[in-house]
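Engineer: Provided herewith is a single structure, encoded as structure tokens, for subsequent inquiry.
The values are calculated or read from the model by the stated rules, or taken from the named source; none is laboratory data. Since this is a predicted model, take the numbers as computed values, not measurements. Every residue, glycine as well, gets a Cβ built from its backbone with ideal geometry; the counts of neighbours run over all protein chains shown. Keep in mind that these areas ignore ligands, DNA and RNA; they rest on the heavy atoms of the full protein, side chains included. Shrake-Rupley method; radii C 1.70, N 1.55, O 1.52, S 1.80 Å.
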Amino acid sequence: MTTWTTSSIPDQSGKLAIITGATGGLGLETALGLVGAGAEVILAGRNPTKGHNAEALIRQKYRSAKVRFELADMASLKSIEQFVDRMLAAGRPIDILVNNAGIMAPHDRGTTADGFELQLGTNYLSHFALTARLLPLLSAAKARVIQLSSFGHRTGTIQLDDLNYEQGYKAFPVYSQSKLAMLMFALELDRRSNANGWGMTSVAAHPGFARTDLFANGPAPDANIVFRAIIPVAKLIMGQSAAAGALPTLMAATMPGVKGGQYFGPQGFKEFKGRPGLGKIESQALDAGVASKLWTLSEGLTGVSFR
């Protein structure tokens, strides 16, 4: 495949996209790519100040941009429900949903407004609930639905007997579980969309080792000092910009011929950086039996089902 950049994005005029966590980092870069191709974009986030600043930044670059911020706190199922109610009331089909928001490896175990472990709740369960509630609008547009995973899924396991890590919390295993859950969600959603005729193209993407503020929203100041010292150096040597990290997501969202169940990421060493293309899915992510059990557990935890 030749090098794929934002200039490779086909015309997106007339399409509506929703991006969670789009007030900075990868989400903002994804929004810039879609707006630049003509799409209307909703920046879904929890911080109105950052949201309106992101709007202004996008309009500085694209004066005719169709973009707006909408409040959607991905650590609150109530906030997600209120956001979706506004979308359903408007009734406009959604062409692209990018489930991007996330946090990484807080040192201490935290919880969402609903009592979920913070990484599982923010990174995965919130997006499960959001996608389920938006299903009528996504199905109406035969949408592309993109789940943001990570190369961290490689070491992940789904702890079905204690998804919320009420016992034995460890920051990075929990993060890896949440990102494995996102990838398995993408694959299971594809299977169920095909079985139920929902018409969606469900895929996943990851940014590689992108230089974003994910860590700023993650490990606490008293986390492993050596680790915190190494990360900036590792990002510089092995990483890539947030704009480059957003390219696999943009490819998944817009490239013609994308098939459900595909996974996109950088093509360089260990998928840390490089041009975008198809990524490697580890074997545990392909376990349809575990994915089905995870789906059922997720419906029970969130109180939301796909129908």
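Engineer: For region 62-94, how many residues meet the condition of being part of a loop (DSSP other than H, G, I, E, B) and more than 15 Å from residue 137 (Cβ to Cβ)?
Structural biologist: Residues flagged as part of a loop (DSSP other than H, G, I, E, B) and more than 15 Å from residue 137 (Cβ to Cβ) within region 62-94 amount to 9.
Engineer: So which residues in region 98-125 are of a type in the set (S, T, N, Q), within 21 Å of residue 29 (Cβ to Cβ) and open to solvent by less than 20 Å² (accessible area, probe 1.4 Å), if there are any at all?
Structural biologist: 99, 122, 123, listed by residue number.
Engineer: Scan region 272-307 for residues that are closer than 22 Å to residue 259 by Cβ and of a type in the set (S, T, N, Q) and jot them down.
Structural biologist: Passing the criteria: 283, 284, 292.
Engineer: Does residue 195 satisfy being of a type in the set (A, V, I, L, M), farther than 22 Å from residue 101 by Cβ and part of a helix (DSSP H, G or I)?
Structural biologist: Numbers: of a type in the set (A, V, I, L, M): yes; farther than 22 Å from residue 101 by Cβ: yes; part of a helix (DSSP H, G or I): yes.
So residue 195 fits the description; yes.
Engineer: Specify the residue that is surrounded by the fewest Cβ atoms within 10 Å (Cβ to Cβ); the eligible residues are those in region 126-151 that are over 15 Å from residue 181 (Cβ atoms) and of a type outside the set (A, V, I, L, M, F, W, C).
Structural biologist: Top of the filtered list is 142.
Engineer: Just the residues that are touching a strand residue (DSSP E or B) at 6+ places or on another chain (Cβ under 8 Å), touching a residue at least 12 places away in the same chain (Cβ under 8 Å) and part of a helix (DSSP H, G or I), please, taken from region 30-60.
Structural biologist: 30, 31, 34, 35, 48, 51, 52, 54, 55, 58
Engineer: Something else about it: Quick one: what pairs do we get from region 271-292, first residue without any contact (Cβ under 8 Å) to a residue 60 or more places away in the chain, second buried (at least 20 other Cβ atoms within 10 Å of the Cβ) and among the hydroxyl-bearing types (Ser, Thr, Tyr), C-beta under 7 Å, 6+ apart or different chains?
Structural biologist: The qualifying pairs are 278/263.
Engineer: With the checklist (1) under 21 Å from residue 152 (Cβ atoms); (2) of a type outside the set (Lys, Arg); (3) open to solvent by 20 Å² or more (accessible area, probe 1.4 Å); (4) not in a loop (DSSP other than H, G, I, E, B) in hand, flag the one item residue 281 doesn't pass.
Structural biologist: Single failed check for residue 281: (4).
Engineer: Which is open to solvent by 10 Å² or more (accessible area, probe 1.4 Å), without any contact (Cβ under 8 Å) to a residue 24 or more places away in the chain, over 19 Å from residue 100 (Cβ atoms) and in a loop (DSSP other than H, G, I, E, B), of 257, 300?
Structural biologist: Exactly one residue qualifies, and that residue is 257.
Engineer: Can you pull out every residue in region 152-170 that is in a helix (DSSP H, G or I) and open to solvent by less than 20 Å² (accessible area, probe 1.4 Å)?
Structural biologist: Listed by number, the residues that qualify are 152, 153.
Engineer: Now for a different question. Any residue at all in region 8-17 that is buried (at least 24 other Cβ atoms within 10 Å of the Cβ) and in contact with a strand residue (DSSP E or B) (Cβ under 9 Å, 6 or more places away or on another chain)?
Structural biologist: yes
Engineer: Scan region 129-151 for residues that are farther than 22 Å from residue 77 by Cα and assigned to a strand (DSSP E or B) and report the count.
Structural biologist: Qualifying residue count for the region: 1.
Engineer: Among (1) of a type in the set (Ser, Thr, Tyr); (2) in contact with a strand residue (DSSP E or B) (Cβ under 8 Å, 6 or more places away or on another chain); (3) farther than 18 Å from residue 261 by Cβ; (4) buried (at least 24 other Cβ atoms within 10 Å of the Cβ), which single condition is residue 178 missing?
Structural biologist: Unmet for residue 178, out of (1) of a type in the set (Ser, Thr, Tyr); (2) in contact with a strand residue (DSSP E or B) (Cβ under 8 Å, 6 or more places away or on another chain); (3) farther than 18 Å from residue 261 by Cβ; (4) buried (at least 24 other Cβ atoms within 10 Å of the Cβ): (2).
Engineer: Test residue 114 against the stated conditions and say whether it is within 28 Å of residue 157 (Cα to Cα), of a type in the set (D, E, K, R) and modelled with pLDDT of 95 or more.
Structural biologist: yes
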